[in-house]
Amino acid sequence: MVTISVNGMPPKTQPVDRKWYEQDVKDFEKSHPKIRIEAHEGYMDPKTFSAKLAGGQLEDVYYVYFTDPAGLIRRRQGADITPYLKGVPYVDDVAPAFRKVFTGPDGKIYGLPNGQYSLGLIYNRELFKRAGLDPAQPPTNWDGVREAAQRISALGDGIVGYADYSKNNQGGWHFTAWVYSLGGDIATQQGGTWKAAFDSDAGRQALQYLHAMRWTDDTMGSRQLLQIEDVQKLMGAGKLGIYMAGPDNIPTIVKQFEREYDEYGVAAMPGTATLGGGNGFMFNPKASPEKIRAGIQWIQWKYLNPDRTAHDDKRSQSGDVPIGLPLDRLYTGATQAKVDAVHAQYANVPQQNYRPFTERNLQLGQKVEPPNAQQIYTVLDGVMQSVLTKENADLDQLLGDAAKQVDSILATVK
């Protein structure tokens, strides 16, 4: 008998999710009688992580975001699980981009994903039709987005073609996605040191598109300094054609503004790459081989288990959860097709509206946030704000000044 401690259990403030999680623990223990799960609430907190590890209080299996593994691996704060993965079902079918997140410079594996998101474009299908655009063929490059925004804005009645965020670090987050989509980076490592990389052709192109849509085309509306709630409200009111977001935005709009799922489509990010993220689990470097093996069995059974997709979908139906949105698409090939087929069987949302996303998203590069992301986004918010509120903004100076500030932030990366 081996007992493993794991975190990531939903808090009591989420009673339905908590109930389902506790039932999963019981079901797992019944099918794996030699393993016991000691489940804890909470996630990886960078402020307390090292102290918990040093004090022997870190769980055997701990939850991380995609931005965490690189540093944890570098600091030897996660166990190498490579020797224990042979023969584990479905692990080899995880998409290479998501396996790479947990792969060290030594080529060894230090964790497993359990969820992911990719940014794309949310769009109003009815406005596309009214503007003479085909909602089944949304744009795949930024020139196409610019043209679509012009045609949608031309409908008048206060309709905005394209909107974007520019405050509370959300502007910097979206600028990062713009730069990635245009083939650039926000930060790169040079000789072991991180340096700003967005004062580049890709960074300039991103600002040129935003400046042109805001000031030349007048397709972004006069109201700026927006954040996610503002843009969702515009979309929920039927006054917005396109904005950058993940597919998980659609249920929020539908429920909050009493809309219908049929009204919205999702497209993959224009260009060559998208900003993605997600979460997964790593393993305490002090955990015994027996605990690591047991932890891998738990993670695979609960989170990387296409054989349980039908079970989870049936359960979700009883909880008024949308089934069939293009979320957590972790696999490639036949395994993802197997999961998709089950979701199609139980879908309660119009999956055909999301084909432009599902058919193209994994062809894009999947890039994670830069180190010290939130501090960097604060700086890049200022860049976005200047471009969207000052018609005479000096794009080169904005990029150069921001790069110097970001270099100082990156100098603290350990």
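The values are calculated or read from the model by the stated rules, or taken from the named source; none is laboratory data. Remember, predicted model here, so these are calculated numbers, not experimental data. Using ideal geometry, Cβ is built from the backbone for each residue, glycine included, and neighbour counts are taken over all protein chains shown. These accessible areas exclude ligands, DNA and RNA; they are computed on the full protein's heavy atoms, side chains included. Shrake-Rupley method; radii C 1.70, N 1.55, O 1.52, S 1.80 Å.
Points worth noting:
- If you filter the stretch 94-119 down to residues that are in contact (Cβ under 8 Å) with a residue 60 or more places away in the chain and hydroxyl-bearing (Ser, Thr, Tyr), you find that the one that is most open to solvent (accessible area, probe 1.4 Å) is TYR117.
- Among the residues of the stretch 169-179, the ones that are open to solvent by 10 Å² or more (accessible area, probe 1.4 Å) and in contact with a Ser or Thr (Cβ under 9 Å, 6 or more places away or on another chain) come to 1 in all.
- Which numbered condition LEU85 fails, given (1) farther than 30 Å from GLY192 by Cβ; (2) within 27 Å of the chain's Cα centre (by Cα); (3) surrounded by fewer than 17 Cβ atoms within 10 Å (Cβ to Cβ); (4) among the hydrophobic types (A, V, I, L, M, F, W, C): (1)
- Selected residue (only one of VAL16, VAL91 is open to solvent by 40 Å² or more (accessible area, probe 1.4 Å) and not small (Gly, Ala, Ser)): VAL16
- Residue, least open to solvent (accessible area, probe 1.4 Å), within the stretch 181-208, restricted to residues that are part of a helix (DSSP H, G or I) and of a type outside the set (Gly, Ala, Ser): LEU207
- Remark: TYR62 matches the filter, which requires a residue to be outside any loop (DSSP other than H, G, I, E, B), open to solvent by less than 70 Å² (accessible area, probe 1.4 Å) and among the hydroxyl-bearing types (Ser, Thr, Tyr).
- Screening LEU53 with (1) modelled with pLDDT under 90; (2) in contact with a strand residue (DSSP E or B) (Cβ under 8 Å, 6 or more places away or on another chain); (3) open to solvent by less than 30 Å² (accessible area, probe 1.4 Å) gives one miss only, at (2).
- Output for the stretch 148-168, where each listed residue is open to solvent by 10 Å² or more (accessible area, probe 1.4 Å) and either of a type in the set (Val, Ile, Thr) or part of a loop (DSSP other than H, G, I, E, B) (or both): ALA154, LEU155, GLY156, ASP157, GLY158, ILE159, VAL160, LYS167, ASN168
- Members of the stretch 329-375 found to be part of a loop (DSSP other than H, G, I, E, B) and either among the aromatic types (Phe, Trp, Tyr) or more than 21 Å from the chain's Cα centre (by Cα) (or both), listed by number: ALA347, ASN348, PRO350
- Near pairs, Cβ below 8 angstrom, 6+ apart or cross-chain, from the stretch 248-277 (closer than 14 Å to VAL231 by Cβ and hydroxyl-bearing (Ser, Thr, Tyr)) to any residue that is in a strand (DSSP E or B) and at pLDDT 95 or above: TYR264/ILE122; TYR264/TYR123; TYR264/ASN124
- Considering only residues in the stretch 343-357 that are in contact with a helix residue (DSSP H, G or I) (Cβ under 8 Å, 6 or more places away or on another chain) and over 20 Å from TRP20 (Cα atoms), the one that is most open to solvent (accessible area, probe 1.4 Å) turns out to be GLN345.
- Residue list for the stretch 376-398, restricted to those being in contact (Cβ under 8 Å) with a residue 40 or more places away in the chain, open to solvent by 30 Å² or more (accessible area, probe 1.4 Å) and not in a helix (DSSP H, G or I): GLU391
- Criterion applied to GLN336, GLN405 was being open to solvent by 60 Å² or more (accessible area, probe 1.4 Å) and either polar (S, T, N, Q) or under 30 Å from GLU126 (Cβ atoms) (or both), and the one residue passing it is GLN405.
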